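The structure appears below as structure tokens.
Coordinate-derived values only; no laboratory data. Fair warning: this is a prediction, and the values are worked out from it, not measured in the lab. Note: ideal-geometry Cβ built from the backbone for every residue, glycine included; neighbour counts use all protein chains shown.
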């Protein structure tokens with residue numbers, strides 16, 4: 001049995017894990033590796049990609065910067081989250097704001113140090129990424145649509161850095177990036193509908209607050225319709241192996257999403273819609289394995 005001190009320590013560890021959204025970071029790290037193996041460097045042996053020290057450092061640096069980003073975002077949104085996510089906020093508050101800020105600076109410092117192992121360009125890239133996350137959390141996120149756009153851009157940056165590392169410029173990669181970006185942008189705008197109570201209390205100027213929920217729904221629907229374009233192109237024009245089944249499923253889910261969006265009224269409805277987009281994104285990470293099923297089977301057998 002754990003004593004009171006150990007229980008408190010365990011709760012604080014869980015609290016910090018909740019703040020940095022460790023599960024999201026693990027999914028992103030996995031996605032970076034799978035994208036490298038199957039999309040960005042398919043001509044290289046799997047072993048060479050997996051055991052590439054530079055790629056490992058890039059993934060670790062990305063994870064530290066993302067974790068630090070969640071911390072600074074949590075720091076600025078503490079009051080808003082207390083309204084929108086009271087249970088999660090109570091868990092997050094087990095770790096002091098001072099400790100969170102200290103962890104934020106330590107993570108960013110080690111991320112830049114790690115990046116210096118790769119190159120000076122990597123140091124500049126991650127330093128810019130850190131600054132971008134901070135300026136977004138501090139200022140830009142309160143600007144309607146621009147805040148959503150910057151947030152979506154920052155979310156795909158970990159994949160952009162791997163793209164730069166392999167210097168692979170192909171139309172199919174561009175289509176994957178556009179698909180992911182539009183999905184994340186739609187998810188960011190759904191979060192504004194989901195968090196409207198806390199945003200109102202903290203004087204955030206989001207699209208649903210300024211222009212109304214209906215206008216926000218129309219813009220989100222347009223984004224979803226735009227997302228169908230790269231989905232259909234990836235199904236019919238590009239060779240993505242069995243991953244075309246994933247994109248077919250996405251088309252069905254996105255059409256269902258638009259239908260449910262205009263019926264949504266309460267916060268729980270928007271939470272469901274948010275989870276549909278999150279499910280599509282997470283499935284997409286594992287769907288990368290379908291690009292070359294033979295490669296997967298050969299590694300298992």
Listed residues 164, 130, 28, most fluctuating in the chain (Gaussian network, C-alpha, under 10 Å): 164
Computed over region 170-301, the relative contact order (Cα-Cα under 8 Å, seq sep at least six) in percent reads 30
When only C-alpha pairs under 8 Å and at least 6 residues apart count, what is the relative contact order of the chain, in percent? 19
Mean residue ellipticity (222 nm) of the chain, computed from DSSP H runs ≥ 4 via -39,500 (n - 2.57), nearest 500: -27000 deg cm²/dmol
Specify the inter-centroid distance of region 159-228 and region 97-119, based on alpha-carbon positions, in whole Å. 27
Give me the number: length gained by fully extending residue 30 to residue 138, i.e. 0.36 nm times residue separation minus the C-alpha to C-alpha distance, one decimal in nm. 36.0 nm
Would you mind telling me which residue in 231, 96, 221 has the biggest mean-square fluctuation in a Gaussian network model of the chain, where springs connect alpha carbons within a distance under 10 angstrom? 96
Label-to-label distance, nm, for residues given as residue 283 and residue 268 (7 Å Cα→Cβ offset): 2.4
GNM on the chain, Cα springs under 10 Å; top mean-square fluctuation among 213, 61, 201 goes to 201
At R0 = 25 Å the Cβ-Cβ FRET efficiency linking residue 249 and residue 197, nearest 0.05, sits at 0.15
Could you give the length gained by full extension between residue 14 and residue 215, i.e. 0.36 nm per residue of separation minus their alpha carbon distance, to one decimal place? 68.5 nm
Order of 267, 214, 21 - criterion: other Cβ atoms within 10 Å of each residue's Cβ, fewest first: 214, 267, 21
